[in-house]
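Engineer: Structure in structure tokens, see below.
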2 protein chains.
Amino acid sequence: MSLRHGLLGLLAEGPASGYDLARRFQEGLNSLWPAQHPQIYSELSRLASAGLIEVDSHGPRRRTAYRITDAGLAEVKRWLAEDEIDYSFRMEPLLRSFFFWLMEPEDLKRRLAEEQQQFAAYAQTLRSFAGAKDRGEWGTSRRTRAQRIAVEAAIRVNEALAEWARWAEETDLMADENFGRQPSGPDAPPPEPKE
Amino acid sequence: MSLRHGLLGLLAEGPASGYDLARRFQEGLNSLWPAQHPQIYSELSRLASAGLIEVDSHGPRRRTAYRITDAGLAEVKRWLAEDEIDYSFRMEPLLRSFFFWLMEPEDLKRRLAEEQQQFAAYAQTLRSFAGAKDRGEWGTSRRTRAQRIAVEAAIRVNEALAEWARWAEETDLMADENFGRQPSGPDAPPPEPKE
DNA sequence: CTTGCACATGTACGGCTCTACATGTCAAGG
DNA sequence: CCTTGACATGTAGAGCCGTACATGTGCAAG
């Protein structure tokens, strides 16, 4: 449901082709909502059938630009005002971390160092991107400033996770003198698993 | 691909039924990787056909517990050691924020306050959950400690976003004296959209 | 004893998303 | 002139995910 509204939101800025939109998703928006081009093209067709967008112009190389309709603009605003928000998220590295106890301490340490580096590097990339906005290189419209705020969210999430990976690596929670030998003592059973 | 390994990881702790696993995903793991029961049951069938898990026992009410096989354990460890990690994530509230410029300032302010509250509340919930682990109520095995680290990641992400929402609300980036009137001045065109 | 609730497992279907494949166009450089 | 590469758009198919629907069981309270 979100890609649909993401496309509408981008088209609210002005007409664009599927190729343009795919590029925008690839660049700044990729950190907020990854999307590949096949999905974008098919979604555009659906939006056009629904009357939320319409063909704006044709260009060279079969280029087809779309324009948002009044209905489309109303729809994206409705979406933004909606009360029901899905706060859930999925991140594979976090799921993995739930099972870190299955890894050898050395491998784990290496892995955490690597993840820390990855998160920090990505945050850095986004931050320099945001820096360009802060220097006003893209203007200071309300739109630009809103997008700067969105990028800030992605930056902060990545920074938080870089910090987390460092913390996880440095805390001695994982250094288990008994690793590989029998359990060090009586351990409470897992909370759920009965049977 | 990840649910598969998540289930294997949980079964590495010991035998469990689909119902048990659905419960665990619902509870602590829900913040890391949401999953509904239909998906879990069908994935279990697939894992069993693949020989990564096998039926451990039958109980009342058609209860069927599974046990991880050696092949399954090897597979989950392979997954954990894998180099290719997908660092992407999707979060609807963040995508929305990219389009905040389409909202009325007042609605936006209200929205940000609400989001700040939601993120903070969820972080709080997870933190009290983690507190139980910290007090050793569930033992201090390597497994428990690893899971504590995983929960910490979710906590930090939510705290970071609560902070972000507060920052976004307080910064006057959104307070636009010109909202509703014509643009305040020449604005650079969007970076991408040619045409 | 019966009623309700938590337990326990599934099917069906539709929508979302990704990878791989396929096709053709225009511009620039050699 | 020919080749390369960026432009531009799609189809096919498979897998993942969520909602809704469906079914039956054991236990405990009244």
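Engineer: Of A:A71, A:S2, A:Q36, which is farthest towards the positive pole of region A:1-86's charge dipole, taken about the Cα centre with +1 and -1 on the beta-carbons of Lys, Arg and Asp, Glu respectively?
Structural biologist: A:Q36
Engineer: For region A:2-81, what's the relative contact order in percent, using C-alpha pairs closer than 8 Å and at least 6 residues apart?
Structural biologist: 36 percent
Engineer: On to the next question. What's the tally of Lys pairs in the protein assembly as shown whose alpha-carbon atoms lie under 23 angstrom apart, where the two lysines are 8 or more places apart or on different chains?
Structural biologist: Going through the protein assembly as shown pair by pair, I get 6.
Engineer: Also, quick follow-up: Suppose a student asked you for the relative contact order of region B:92-170, using Cα pairs under 8 Å spaced at least 6 residues apart; what percent would you report?
Structural biologist: 45 percent
Engineer: While we're looking at this one, here's another question. With a 1.4 Å probe and every protein chain kept in, tell me what percent of the accessible surface of region B:92-170 is carbon plus sulfur.
Structural biologist: So the carbon and sulfur contribution to the accessible surface is 48 percent.
Engineer: Give the residue list of trypsin sites (Lys or Arg not before Pro) in region B:3-58 that are DSSP loop and have at most 13 other beta-carbon atoms within 10 angstrom.
Structural biologist: Of the trypsin sites (Lys or Arg not before Pro), not one in the loops of region B:3-58 has a Cβ with at most 13 other Cβ atoms within 10 Å.
Engineer: Okay, moving on. Cα gyration tensor of region B:2-81, axes a ≥ b ≥ c as square roots of the eigenvalues: rounded (a/c below 1.5), prolate (a/b > b/c) or oblate?
Structural biologist: oblate
Engineer: How would A:W164, B:W167, B:W33 rank on accessible area, largest to smallest, probe 1.4 Å?
Structural biologist: Largest to smallest exposure gives the sequence B:W167, B:W33, A:W164.
Engineer: Right, here's the next one. Over region A:2-81, with the other protein chains present, what is the accessible area per residue in square angstrom, probe 1.4 angstrom?
Structural biologist: 47 Å²
Engineer: Counting only C-alpha contacts under 8 Å and six or more residues apart, can you give the relative contact order of chain A as a whole percent?
Structural biologist: Over chain A, the number comes to 17 percent.
Engineer: Under the rule of at least 5 residues apart or a separate chain, name every residue whose amide H is placed under 5 Å from the amide H of B:G139.
Structural biologist: So B:G139 has HN proximity to A:A188.
Engineer: Continuing with the same structure: Tell me which A residue has its C-beta closest to the axis rotating A onto B, and the distance in Å?
Structural biologist: Axis relating chain A to chain B; nearest Cβ residue and distance: A:A160, 2.
Engineer: Here is a further query. Total Å² of accessible surface buried at the B-A contact, 1.4 Å probe, nearest 100?
Structural biologist: Buried: approximately 9500 Å² between A and B.
The values are calculated or read from the model by the stated rules, or taken from the named source; none is laboratory data. Since the model is a prediction, treat every value here as computed from it, not as a measurement. Glycine gets a Cβ as well: all are built from the backbone with ideal geometry, and neighbour counts include every protein chain shown. These accessible areas exclude ligands, DNA and RNA; they are computed on the full protein's heavy atoms, side chains included. Shrake-Rupley method; radii C 1.70, N 1.55, O 1.52, S 1.80 Å.
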